[in-house]
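Notes follow the structure.
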Amino acid sequence: MNDIRHDDDMAALLSTPVDAGTLSRLHRRLEQAAERANLVDVAYTTIDSPVGKLLLAATPEGLVRVAYAREDHDRVLEALSQKLSPRILRAPKRLDEVAREIDEYFAKHRQVFDLKLDLSLSRGFRRLVQTHLPEIGYGQTRSYRDMAELVGNPKAVRAVGTACATNPLPIVVPCHRVLRTDGTLGGYIGGLEAKTMLLNLEAAA
Amino acid sequence: MKQPFENVVAQHGATVLRVCRVVLGPHDADDAWSETFLSALRAYPDLPETANVEAWLVTIAHRKAIDVLRVAKRNPLPVDEVPEAPTGRDIPDSGDSDLWAAVKGLPSKQRQAVAYRYVAGLAYAEIAEILGGTIEAARRAAADGLKNLRKKYPGAITRGASS
């Protein structure tokens, strides 16, 4: 009995406190070393924005995912781990330029994003639609039907809707500029409130 | 499903640092920690999903600590060398310097066994894998290490008795 208590005591003594500052310093060091060794397949960070906390994730190819808080960032990262690579590290530096442009967008100082994008999360028709979304200019809107015609498949209105709903890069790839033919909002991955907010932001510019 | 590596760092970072401190002392622990997680990140995609992640990390830390010790032996530091990093804040209270002297004085196998058993909480079978001996030998190394620590650092017993 005594021995066990003493063992616990010794274990407690040897298990020295590790404060948050030490761990974040070591984490930064790991980020730098891992980037230098090309071991970060997906770097991510989170930023605050007028539409809530946003997760930004990038591969060496470019920005691969923008996620709203309602998508559950932990789940989004798990999905990235499964679909792309588990070598995922919180490494904000790779996202500096993305974060800056998004800040400028919300401050109405930027209308077009000038970023390298990695569309590898999308395939086929969805990817085709997403590739064409940036052609809808700032402050403009199109209907799902318009988009179907634009990509040369006027009957694929529903598929266009799916492509918008599964856009891995909301805000940067402007799926919020696509509305129903009758002018009502349609769905949005960030919620209708966010969609309205973005449309109002662009309309007021 | 394999979780993002960031979760591995978040879940096990502190424990691995504590293990490195016991095996190497507070000053070299940071380097060993960094080397450990960099190696772990490299190997992570090949880690079987059923693996015990903590035992895997401690195994890597064990190898990295041996590397650090080997380098230290080759390039012994002058005694008056001041450590580069201001780690004073990170080291357990200076009042425990007797404890660290006692830990440092242990034969390395005992020190490692104590760290992996009592700081990382690994099973003796896992410790035996890491140290490369029988389970019984691992158990004995941990027990002897603890006994020696108590002998050289009676503070632990006093504390235990008074609490």
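The values are calculated or read from the model by the stated rules, or taken from the named source; none is laboratory data. The model shown is predicted, which means the values in this text are computed figures rather than measured ones. Please note: Cβ atoms are built from the backbone with ideal geometry, for glycine as well, and neighbour counts cover all protein chains shown. Surface areas here come from the heavy atoms of the whole protein model, side chains and all, with no ligands, DNA or RNA. Shrake-Rupley method; radii C 1.70, N 1.55, O 1.52, S 1.80 Å.
A Förster radius of 35 Å, combined with the Cβ-Cβ distance separating residue B:72 from residue B:52, puts the computed FRET efficiency at roughly 0.75. Scanning residues 5 or more positions from residue A:179 or on other chains, those with amide H under 5 Å from its amide H are A:142, A:143, A:144, with H placed 1.01 Å from N in the peptide plane. Judged by a Cβ-Cβ distance under 4.7 Å, the unpaired cysteines of the protein assembly as shown are B:20.
Within a 10 angstrom radius of each residue's Cβ in B:99-110, how many Cβ atoms of other chains show up on average? Whole number is fine. Please list the in-between numbers first.
Working: counts 4, 2, 0, 0, 2, 0, 0, 0, 0, 0, 0, 0.
Across the residues of B:99-110, the mean count of other-chain Cβ atoms within 10 Å is 1.
Multiplying the residue separation of residue A:12 and residue A:37 by 0.36 nm and subtracting their alpha-carbon distance yields 5.4 nm. Across segment B:102-108, computed HN-Hα scalar couplings (Karplus, 6.51 cos²θ - 1.76 cosθ + 1.60, θ = phi - 60°) run 5, 4, 5, x, 6, x, 4 Hz from first to last residue, x flagging Gly and Pro. For segment A:181-194, backbone phi angles converted through the Karplus equation (6.51, -1.76, 1.60; θ = phi - 60°) give residue-by-residue couplings of 4, 7, x, 6, 5, x, x, 7, 4, x, x, 5, 4, 5 Hz, Gly and Pro being listed as x. For the peptide B:119-131, the mean number of other protein chain Cβ atoms found within 10 angstrom of a residue's Cβ is 1. Taking the Cα centre of chain A as origin and assigning +1 to Lys and Arg Cβ atoms and -1 to Asp and Glu Cβ atoms, the resulting dipole is close to 820 debye. Counting only protein chain heavy atoms and rolling a 1.4 Å probe, the accessible areas of A:100, B:117 rank, largest first, as A:100, B:117.
Working from the Cα coordinates of chain A, the gyration tensor eigenvalues give, after taking √(5λ), semi-axes of 42, 18, 17 Å in decreasing order. Across peptide B:35-43, the mean count of Cβ atoms from other chains lying within 10 Å of each residue's own Cβ comes to 4.
Look at the dipole of chain A built from charges on Cβ: of A:188, A:47, A:32, the Cα furthest out on the positive end belongs to A:188. For segment A:154-168, the Karplus equation 6.51 cos²θ - 1.76 cosθ + 1.60, evaluated at θ = phi - 60°, returns couplings of x, 8, 8, 4, 5, 5, 5, x, 5, 4, 5, 5, 9, 4, x Hz by residue, with Gly and Pro reported as x. Label-to-label distance for residue B:101 and residue A:116 is 5.6 nm, based on points extended 7 Å past Cα in the beta-carbon direction.
Partner lysines whose Cα lies under 17 Å from the Cα of residue B:64, excluding those fewer than 8 positions away in the same chain, are identified as B:73, B:109. Among residues other than residue A:143 with Cβ under 15 Å from its Cβ, the summed charge is +3 (Lys and Arg +1, Asp and Glu -1).
Any idea of the accessible area per residue across chain A, 1.4 Å probe, to the nearest Å²? Display every interim value, and only then the final one.
Values: 10130 Å² over 205 residues.
Roughly 49 Å² per residue, with all protein chains present.
With q set to 0.07, 0.09, 0.10, 0.11 Å⁻¹, the log10 of I(q)/I(0) for the protein assembly as shown, from the Debye formula over equal scatterers at the Cα positions, is -0.45, -0.65, -0.73, -0.81.
Which order do peptides A:176-182, B:19-25 fall in by mean Cβ count within 10 Å, highest first? Display every interim value, and only then the final one.
Working: A:176-182: 17.7, B:19-25: 25.6.
Result, highest mean Cβ count within 10 Å first: B:19-25, A:176-182.
Peptides A:65-74, A:137-146, A:165-174, ordered by how many other C-beta atoms sit within 10 Å of their residues on average, highest first, read A:165-174, A:65-74, A:137-146.
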